[in-house]
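Report on the structure given below.
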Amino acid sequence: MQICRTVKEMRALVDEWRANNSKIALVPTMGYLHDGHISLVKIAHTLGDKVVLSLFVNPTQFGPTEDLDKYPRDFQRDVDACEKNGVDAIFAPTPDEMYAKDFSTWVTETSLSLPMCGVSRPIHFRGVCTVVLKLFNITRCDAAVFGKKDAQQALVIQRMVRDLNVPVEIVTAPLVREADGLAMSSRNRYLSADERERALSLSRGIFAAEKLYNKGERSASVLIAEVQKSVEQANGKIDYIVCNARDTLMPLESIDRPALLAAAVYFGTTRLIDNVFLG
Ligand code: PAF
């Protein structure tokens, strides 16, 4: 497995691979890998002859008061996990390598980025789109894999790729949960034991709402109220709970088309997200 720290190193390797007609699949990550990321690597192996995993805590997608500095990092642990799972190369640049001091070009998706996480994290998706397009250009990947836990992110990236004719196949992968239901996230490690326990109310609320949907309930407000009841009982502070159309992310009253029920909730200072696709 190769570890590339610079764009030049990554490009040289990719040029070599492409000269041999290898297909390249990318798994973009911010590191501190868990089983959710490993499930993306497994899918990447089915899409490309070579798998690149990028490890980069992207500063431009964090707001000024967010957790950029304390975001968990453990490079050696990530290297070991990649090695064990047959990753061919890690791309782990520094922020200076990725962003020139006078960097001034951004990719802004202007529709799907606005609701949900876009409300409380107004620059988030601009940072995500910009870094993801840069990663696509640096790795010249044929395919890239994104988890459905970040459902809005996956939709925004699919839209960017469609709108800008980016020649990369975007594949989305199922959300992976801990045995007790909590959606896997690198941020789960911020939770105290008490918060970890209370955070289960989020997945429980989502499951309860999904169950109602499967029994025939089609009122968005009833499903939202089900999640709300669960997290409020556990003292979670709600950022949002929405039930939106899956293709436009516009709010639905009645779930008469494929939908995304999604929530962001704080337990202590940790903001967790979870969702389920309906229909
Ligand atoms: O989902 C993430 O970890 C990040 O948003 C991504 C896609 C790696 C871009 O920094």
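The values are calculated or read from the model by the stated rules, or taken from the named source; none is laboratory data. From a predicted model like this one, the values you see are computed outputs, not experimental measurements. Note: ideal-geometry Cβ built from the backbone for every residue, glycine included; neighbour counts use all protein chains shown.
Scanning segment 124-164 for residues that are away from the ligand (no atom under 13 Å from the Cβ), under 24 Å from VAL7 (Cβ atoms), in contact (Cβ under 8 Å) with a residue 24 or more places away in the chain and not hydrophobic (A, V, I, L, M, F, W, C) yields a count of 2. Suppose the filter is among the charged types (D, E, K, R), within 14 Å of the ligand (Cβ to nearest atom), in contact (Cβ under 8 Å) with a residue 24 or more places away in the chain and outside any loop (DSSP other than H, G, I, E, B); does ARG198 pass it? In short, no.
Among the residues making up segment 60-80, those that are closer than 18 Å to VAL132 by Cα and surrounded by 15 or more Cβ atoms within 10 Å (Cβ to Cβ) are THR60, GLN61, PHE62, LEU68.
Considering every residue within segment 212-232, establish whether at least one is in contact with a helix residue (DSSP H, G or I) (Cβ under 7 Å, 6 or more places away or on another chain), within 30 Å of ASP69 (Cβ to Cβ) and modelled with pLDDT of 95 or more. Within segment 212-232, one or more residues are in contact with a helix residue (DSSP H, G or I) (Cβ under 7 Å, 6 or more places away or on another chain), within 30 Å of ASP69 (Cβ to Cβ) and modelled with pLDDT of 95 or more. Please determine, by comparing only the residues of segment 26-37 that are buried (at least 19 other Cβ atoms within 10 Å of the Cβ) and over 18 Å from PRO93 (Cα atoms), which one is farthest from the ligand (Cβ to nearest atom). By that ranking, first place goes to GLY36. Looking at segment 256-279 only, could you name the residues that are out of contact with any helix residue (DSSP H, G or I) (no Cβ under 6 Å at 6 or more places or on another chain) and outside any strand (DSSP E or B)? Correct list: ASP256, ARG257, PRO258, THR269, GLY279.
Could you run through segment 87-123 and say how many residues are charged (D, E, K, R) and either modelled with pLDDT under 95 or more than 15 Å from the ligand (Cβ to nearest atom) (or both)? Talk me through it step by step, then tell me what you get.
Taking segment 87-123 as the starting set, the residues that turn out to be charged (D, E, K, R) are 88, 96-97, 101-102, 109, 121.
If we keep only those that are either modelled with pLDDT under 95 or more than 15 Å from the ligand (Cβ to nearest atom) (or both) as well, we get 88, 96, 101-102.
Adding up the residues that qualify gives 4.
Sub-8 Å Cβ pairs linking a first residue in segment 177-188 that is touching a residue at least 12 places away in the same chain (Cβ under 8 Å) and buried (at least 18 other Cβ atoms within 10 Å of the Cβ) to a second residue that is part of a strand (DSSP E or B) and acidic (Asp, Glu), at least 6 apart or interchain, are ALA183/ASP274, ordered by first then second residue. Cβ separations smaller than 6 Å between residues 6+ apart or across chains give the following pairs from segment 103-122 residues that are surrounded by 19 or more Cβ atoms within 10 Å (Cβ to Cβ) to residues that are among the charged types (D, E, K, R): GLU109/ARG159; LEU112/ARG159.
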